[in-house]
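Below: one structure, written as structure tokens.
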Amino acid sequence: MTPLLRQVLSQIDGPDPRVNELVSALVTHLHAFVDETRPTDEEWLAGLAFLVETGKACTPDRDEFVLLSDMLGLTSAVDQVNNDGPEGMTPSSVEGPFHSPAPERELGAWISAGPERERGVPTVVHGRVLDCDGTPLAGARVDVWQASDTGLYDTQDDEQRPGNLRGLFTADAEGHYWFRTIRPSSYPVPTDGTAGRLLRVIGRHPMRPAHLHYQVTADGHRPLTTHVFLAGDPYLDSDAAYAVKRELVIAPRPRTDGWEMDVPYEEIEFTLGLVPLDRLPRGG
């Protein structure tokens with residue numbers, strides 16, 4: 001430990017021990033970074049300017065810091081240390097920067113109401129919300145959102161009305177939920193900000209594999225944020241957000257009848273297992 005680092009750490013003595021621990025660890029790693037890489041004054045100031053620019057890019061509909069965290073794999077790293085649990089639970093995944101309040105909808109409703117509904121592949125998504133032992137969680141809340149067939153969320157696209165391709169559903173007495181939509185597509189994350197600039201500089205592509213987002217809550221259970229990824233997508237092994245988990249990859253099934261559909265469509269079945277609060281791992 002350098003004398004300078006020892007001096008800085010000696011003056012971290014706030015009233016919250018956890019804050020002291022986090023700041024001390026951060027300072028220690030940052031000083032180690034400086035010792036290892038020996039940045040010039042110009043490089044250090046450029047890094048600070050990059051963070052300032054990231055903050056200026058944030059809006060109520062887009063969080064560039066979340067996007068930057070995703071692109072560096074940090075969001076997935078935090079997810080991994082916070083969401084282990086017993087057998088039967090559905091793996092978690094990152095939220096991403098485009099979550100916003102979804103309109104409440106009846107089971108079976110279409111969440112797609114824009115021009116993408118005419119262009120896209122009709123899709124029925126259904127499943128159950130259960131606890132880790134397979135007990136149905138009646139009344140569980142299932143919040144879903146996705147990008148359109150052109151890879152844009154409603155907050156990015158003037159063609160879409162607010163709340164398009166989003167829905168908040170309440171599972172029935174047996175934990176069932178279902179809704180109708182269009183098949184999601186792979187898409188690039190926004191590259192007009194600092195996260196996109198970083199991807200270009202380090203030689204990475206900005207693509208995310210086709211997916212649906214979920215946030216699921218039920219009384220007495222840990223909330224779950226996760227994805228459904230579509231099997232066969234070319235970006236499953238190189239997701240820009242490092243969010244793909246094998247258990248979350250599902251192959252849509254072609255169907256011609258059922259689910260109140262009068263045209264050929266694809267079916268995605270995704271059952272969700274939530275962890276009861278009394279079965280959380282120590283520290284979870």
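Roughly how much of H221 is accessible, in Å² to the nearest 10, using a 1.4 Å probe?
My reading of the accessible area for H221 is about 30 Å².
Can you work out the PRE-style zone for E21? Point 7 Å along Cα to Cβ, and I want the residues of the stretch 51-82 with backbone N under 18 Å.
78-82
DSSP beta bridges in the chain, what fraction antiparallel, as a percent rounded to 5?
Approximately 75 percent, going by the DSSP bridge assignments.
How much area per residue is accessible in the chain when the probe is 1.4 Å and only protein heavy atoms are counted (Å²)?
53
D for the stretch 1-65, whole µm²/s, Stokes-Einstein with Kirkwood Rh over alpha-carbon pairs at 37 °C and 0.692 mPa s: what number?
Estimated via Stokes-Einstein, D reaches 233 µm²/s.
If r is the Cβ-Cβ distance from H31 to L51 and R0 is 22 Å, what FRET efficiency results, to the nearest 0.05?
For H31 and L51, the calculated efficiency is 0.80.
Could you work out what % of the accessible surface of the chain is carbon and sulfur, using a 1.4 angstrom probe and leaving DNA, RNA and ligands out of the count?
55
Compare T135, T90 by solvent-accessible area with a 1.4 Å probe and give them largest first, with all protein chains kept in place.
T135, T90
So how far apart, in nm, are the two label points at A77 and D133 if each is 7 Å from Cα heading toward Cβ?
3.8
How large are Rg and Dmax for the chain when calculated on the C-alpha trace, in angstrom?
21.6, 74
Would you mind checking the tilt of helix 41-56 against the longest principal axis of the Cα atoms of the chain, expressed as 0 to 90 degrees and rounded to 10?
30
The values are calculated or read from the model by the stated rules, or taken from the named source; none is laboratory data. None of the values given here were measured: they were computed from a predicted structure. Quick reminder, even Gly has a Cβ in these numbers, built from the backbone with ideal geometry, and neighbours come from all protein chains shown. To get the accessible areas, we keep the full protein, side chains included, count just its heavy atoms, and leave off ligands, DNA and RNA. Shrake-Rupley method; radii C 1.70, N 1.55, O 1.52, S 1.80 Å.
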